[in-house]
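> I have a structure here, written as structure tokens, and I will follow up with some questions on it.
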2 protein chains.
Amino acid sequence: MNYQDVLQQDTIDPLAGKRREFVLPDNMIYLDGNSLGAMPIAAYERSRQVTEQQWGLNLIKGWNADDWIDLPTMVGEKIAPLLGAAPGQVICCDSTSVNLFKVLCSAVEMQQGRSVVVSQKDNFPADLYIAEGLSQLGQGDFCELKVFEGSGIEDQLDDTVALLMLTHVNFRTGKLHDIRKLTKAAHDKGILVIWDLAHSTGVLPLSLDEWGVDFAVGCGYKYLNGGPGAPAFIYAAERHHASIRQPLSGWMGHRAPFAFDENYTAAPGVQQFLCGTPPVLSMSVLDASLSVFENVDMQVLRTKSVALGELFIQLIADNDSLGELTLISPKKSSERGSQVALAHPEAYSICQALIERNVIADFRTPDVLRFGFAPLYLSHQDIWKAVHILADVMASKIYSDEKFSRVQKVT
Amino acid sequence: MNYQDVLQQDTIDPLAGKRREFVLPDNMIYLDGNSLGAMPIAAYERSRQVTEQQWGLNLIKGWNADDWIDLPTMVGEKIAPLLGAAPGQVICCDSTSVNLFKVLCSAVEMQQGRSVVVSQKDNFPADLYIAEGLSQLGQGDFCELKVFEGSGIEDQLDDTVALLMLTHVNFRTGKLHDIRKLTKAAHDKGILVIWDLAHSTGVLPLSLDEWGVDFAVGCGYKYLNGGPGAPAFIYAAERHHASIRQPLSGWMGHRAPFAFDENYTAAPGVQQFLCGTPPVLSMSVLDASLSVFENVDMQVLRTKSVALGELFIQLIADNDSLGELTLISPKKSSERGSQVALAHPEAYSICQALIERNVIADFRTPDVLRFGFAPLYLSHQDIWKAVHILADVMASKIYSDEKFSRVQKVT
């Protein structure tokens, strides 16, 4: 594909206008929206409003006057359509890890007589840590974590298993699980499933209700563009609401938080997953960021995501300088999320050399370069330019310069 | 005391200049800093910087370039001197409720053979809810919550008790516990103590190290002025660090978060209380807010807090229109935090009438009016004016107007 063809793709891109809704530095090609989404202008404007107007002038009155108290529900309801979830099933709160803990506790308690939580060795480590922590609480009898290696998930499912805990998109390779199929297979054995949608929400079409999903958690700061460390969310299917019991029973999840009752009585529905006071500044900014999804068809978004990923893979394959980079993502777009991973022994240094050239990718240990494609603010031209800069870095071997081997705290 | 005397107090107030570091609406008398602190100008400026400069332009590079990754530790170290804590013992993260859960889990696990958690019926309900949630997890055998009524705390302490969980300042009345004395009494019985410092931090001199405190949690959005729902903090005495084990073992508390190991290995020290990705916008703003405490002597702050409280109580007592209001806070300043509570059957409506007159207090069910005194931005004149407006509201009985009885979501 030549540059003219690439430019032509941009002219017919139905999402091309969305880029104007984001702040993006001049000349930066940002391929890390899978790690931290770019800043929507609406987010910046809200951050000024919530400080200048709300906190600054309304102070405590903001809880009513500026609807702070409703933020967890309002934001949840804005995320719900991106998940294929009917209203009343999504709430915004805490971090993905804290939310996973709450959902794990609740789901294990629902499975009386079963206590095994099954997950995959290459699941996102943060999720494994949370399940490990819960499994070691007290006498270690609340649940048992079984982590298996390989792809034979269905072989792990028997009637001792309480829960299957999986991440939809593999954080390194972008490989997709089939949520519908695995949820059905688990249900056939009486197993509940918790899906981590960190790398799916806001970029892949999801149909959680239709797929019969039980619980899901996800992240506000990747493709939802909610800002660094933005609050996360929980999806809980309505059929499970009457059975929810989670130990982080904070006052915001109380049926009547301002009654200041001595005892806890859970709010109805998904709201009982709330715990403490929400971080209003961060959650308000996420709320505003979600406005960029108004009128966006998730199938159109996915089509563009696939086109960007295929263009990237094709350009890599066509370029002789890039033969040393090994594609470790699935080749078939239908099996891949919105990211592509390439392996190379010098991946860390290559990543640093790219960043110096204003192509922002990221590195994952031990040898993985990740490139994420956020279709709301990336063009086909961006992909073309990024691959050519990558080819320059590889051909020149500039990455072997010592300055690129310095280890940073965050990779 | 006449108005001239009150004005005189302001002229000799060593903290008078601090008010200029805050945004405060014209003509508002803000007596709710115990619920949500006012906005420091530095906080507003940081919120612009962290969006415009950091997220907007540095994007993912902000984790290193803007030190986002160090925020939990940096903010913790800024809070430490306000607690009387040597470095390495305070970390900023999550909400007070989530943090209390972590500390409860860890402290109960440290007390092998004991599992009773003792608390007071009039403790902050949110804290009781968290302990209740933990006590009901699984088979309900991790810990047992015993809530007693009345003031005979020491009578509750025997060798079945693992933990004593108390709040330093009573959220309704402002009544103070003697941290040093109760911690010692508990230790004498082999009991650990968890202190909630939500209404103390940033307004009362604290000496946690000297007092031998084990663990404490506290809030970022009251007297620390960190903004609505600002992240909270944990104090853990260094002598306990080797014994910490908490189940919210998220990746930010891992010894090497970016190694993406399959198994969890806790970071050393207080950092192992971290869980998920911190809300950078909210935590950055709290970080900036803490700059107002630079060069503030906590004893000087306390002296002003006491003066404001005594002035308020004296003016109430001197005013014939205010005889219907019953002081339910301790009369002695040494037994009271930085707030004064008055009871009245129509407290809700009186509070609304005050708010309409731009005197911001708050209501706590069933019949309590709370007035908080944040010495960094309140003057003695403010107290004088507030009491006179309160006297007008009471004398005119304007509060009995129907419009003030409307119930809001947040009281």
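The values are calculated or read from the model by the stated rules, or taken from the named source; none is laboratory data. Just so it is clear, the structure is predicted and the values come from calculations on it, not from any experiment. Note that we place each Cβ from the backbone using ideal geometry, even for glycine, and neighbour counts take in every protein chain shown.
> What residue, of B:GLY140, B:GLY76, B:GLY150, B:GLY88, is closer than 23 Å to A:ASN99 by Cα and not basic (Lys, Arg)?
One residue alone meets the criteria, B:GLY140.
> So, in segment A:236-288, how many residues would count as being of a type in the set (Gly, Ala, Ser) and on the phi > 0 side of the Ramachandran plot? Explain how you work it out, then say what you get.
Keep residues of segment A:236-288 that are of a type in the set (Gly, Ala, Ser), which gives A:236-237, A:242-243, A:249-250, A:253, A:256, A:259, A:266-267, A:269, A:276, A:282, A:284, A:288.
This time we only want the ones that are on the phi > 0 side of the Ramachandran plot, so: A:269.
Result for segment A:236-288: 1.
> Kindly provide the set of residues from segment A:348-403 that are at positive phi, more than 14 Å from chain B (Cβ to nearest Cβ) and under 25 Å from the mean Cα position of the chain (by Cα), ordered by number.
Of segment A:348-403, the ones at positive phi are A:358, A:397.
If we keep only those that are more than 14 Å from chain B (Cβ to nearest Cβ) too, we end up with A:397.
The answer is none; no residue qualifies.
> For segment B:229-284, give me each residue that is surrounded by fewer than 24 Cβ atoms within 10 Å (Cβ to Cβ), at the interface with chain A (Cβ under 7 Å from one of its Cβ atoms) and of a type in the set (A, V, I, L, M).
Selection gives B:ALA259 alone.
> Residue pairs, Cβ under 8 Å, 6 or more apart or interchain, first in segment A:39-51 and modelled with pLDDT of 95 or more and surrounded by 21 or more Cβ atoms within 10 Å (Cβ to Cβ), second among the acidic types (Asp, Glu) and not in a helix (DSSP H, G or I). List them.
That search, which allows pairs on different chains as well, returns A:VAL50/A:ASP66.
> Can you tell me how many residues in segment B:212-271 are within 23 Å of B:LEU83 (Cβ to Cβ) and either of a type in the set (Ser, Thr, Tyr) or assigned to a strand (DSSP E or B) (or both)?
Counting residues in segment B:212-271 that are within 23 Å of B:LEU83 (Cβ to Cβ) and either of a type in the set (Ser, Thr, Tyr) or assigned to a strand (DSSP E or B) (or both) gives 13.
Matching residues to (1) in contact with a Leu (Cβ under 9 Å, 6 or more places away or on another chain); (2) surrounded by 16 or more Cβ atoms within 10 Å (Cβ to Cβ); (3) modelled with pLDDT under 95; (4) among the basic types (Lys, Arg):
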| site | (1), (2), (3), (4) |
| --- | --- |
| B:VAL23 | yes, yes, no, no |
| B:ASN27 | no, no, yes, no |
| B:ASN34 | no, yes, no, no |
| B:GLY84 | yes, yes, no, no |
| B:GLN89 | yes, yes, no, no |
| B:CYS92 | yes, yes, no, no |
| B:CYS105 | yes, yes, no, no |
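> Please work out which residue is surrounded by the most Cβ atoms within 10 Å (Cβ to Cβ), limiting yourself to segment B:154-181 and to residues that are touching a strand residue (DSSP E or B) at 6+ places or on another chain (Cβ under 7 Å) and in a helix (DSSP H, G or I).
Only one residue tops the list, namely B:ILE179.
> Let me confirm something: among B:LEU59, B:LEU24, which residue is touching a strand residue (DSSP E or B) at 6+ places or on another chain (Cβ under 9 Å), free of Cβ contacts under 8 Å to residues at least 40 places away in the same chain and facing another protein chain (nearest Cβ under 9 Å)? Give the derivation first.
Numbers: B:LEU24 fails: free of Cβ contacts under 8 Å to residues at least 40 places away in the same chain.
Checking each option against the conditions leaves just B:LEU59.
Yes/no matrix, rows are residues, columns are (1) of a type outside the set (A, V, I, L, M, F, W, C); (2) within 13 Å of chain A (Cβ to nearest Cβ); (3) without any contact (Cβ under 8 Å) to a residue 40 or more places away in the chain:
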residue	(1), (2), (3)
B:LEU71	no, yes, no
B:GLU77	yes, no, yes
B:ILE130	no, yes, yes
B:GLN136	yes, yes, yes
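> Please tell me if B:ASN99 is over 23 Å from the mean Cα position of the chain (by Cα), more than 7 Å from every other protein chain (Cβ to nearest Cβ) and crowded, with 17+ Cβ neighbours inside 10 Å.
Details: over 23 Å from the mean Cα position of the chain (by Cα): no; more than 7 Å from every other protein chain (Cβ to nearest Cβ): yes; crowded, with 17+ Cβ neighbours inside 10 Å: yes.
So B:ASN99 does not fit the description; no.
> Right, next: Which one is nearest to A:GLY174 (Cα to Cα) among residues in segment A:27-40 that are more than 8 Å from chain B (Cβ to nearest Cβ) and part of a strand (DSSP E or B)?
Here the residue is A:ILE29.
Yes/no per residue for (1) buried (at least 17 other Cβ atoms within 10 Å of the Cβ); (2) within 14 Å of chain B (Cβ to nearest Cβ); (3) in contact with an Asp or Glu (Cβ under 9 Å, 6 or more places away or on another chain); (4) modelled with pLDDT under 95:
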residue: A:ASP127; (1), (2), (3), (4): yes, yes, yes, no
residue: A:PHE148; (1), (2), (3), (4): no, yes, yes, no
residue: A:ALA186; (1), (2), (3), (4): yes, no, yes, no
residue: A:LYS189; (1), (2), (3), (4): no, no, yes, no
residue: A:VAL193; (1), (2), (3), (4): yes, no, yes, no
residue: A:LEU204; (1), (2), (3), (4): yes, no, no, no
residue: A:SER207; (1), (2), (3), (4): no, no, no, no
residue: A:PHE215; (1), (2), (3), (4): yes, no, no, no
residue: A:GLY227; (1), (2), (3), (4): yes, yes, no, no
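> Return only the number of the condition from (1) over 25 Å from B:ALA198 (Cα atoms); (2) facing another protein chain (nearest Cβ under 7 Å) that B:VAL50 does not satisfy.
For B:VAL50, the exception is condition (2).
> Something else about it: Assuming B:LEU290 fulfils every condition listed in (1) part of a helix (DSSP H, G or I); (2) within 8 Å of chain A (Cβ to nearest Cβ) apart from one, which condition is it?
Just one mismatch for B:LEU290, condition (2).
> Are any of the residues in segment B:8-21 of a type outside the set (Asp, Glu) and buried (at least 23 other Cβ atoms within 10 Å of the Cβ)?
Scanning segment B:8-21, I find no residue that is of a type outside the set (Asp, Glu) and buried (at least 23 other Cβ atoms within 10 Å of the Cβ), so the answer is no.
> Out of A:VAL285, A:VAL280, A:VAL340, I need the residue that is closer than 30 Å to B:MET39 by Cβ and either of a type in the set (Asp, Glu) or touching a Lys or Arg at 6+ places or on another chain (Cβ under 8 Å) (or both). Which one? Walk me through it before giving the result.
On the way: A:VAL280 fails: either of a type in the set (Asp, Glu) or touching a Lys or Arg at 6+ places or on another chain (Cβ under 8 Å) (or both); A:VAL340 fails: closer than 30 Å to B:MET39 by Cβ.
It is A:VAL285.
> Can you say whether B:VAL117 is in contact with a strand residue (DSSP E or B) (Cβ under 9 Å, 6 or more places away or on another chain), touching a residue at least 60 places away in the same chain (Cβ under 8 Å) and within 14 Å of another protein chain (Cβ to nearest Cβ), as far as the supplied structure shows?
Values: in contact with a strand residue (DSSP E or B) (Cβ under 9 Å, 6 or more places away or on another chain): yes; touching a residue at least 60 places away in the same chain (Cβ under 8 Å): no; within 14 Å of another protein chain (Cβ to nearest Cβ): yes.
In short, no.
> Of all residues in segment A:109-133, which are more than 25 Å from B:GLN272 (Cα to Cα) and of a type in the set (Ser, Thr, Tyr)?
Selection gives A:SER115 alone.
> Within segment A:27-48, which residues are small (Gly, Ala, Ser), more than 13 Å from A:LEU378 (Cβ to Cβ) and in contact with a strand residue (DSSP E or B) (Cβ under 8 Å, 6 or more places away or on another chain)? Give the derivation first.
Taking segment A:27-48 first, the residues small (Gly, Ala, Ser) are A:33, A:35, A:37-38, A:42-43, A:47.
From the residues that got through so far, the ones that are more than 13 Å from A:LEU378 (Cβ to Cβ) too are A:35, A:42-43, A:47.
The one that is small (Gly, Ala, Ser), more than 13 Å from A:LEU378 (Cβ to Cβ) and in contact with a strand residue (DSSP E or B) (Cβ under 8 Å, 6 or more places away or on another chain): A:SER35.
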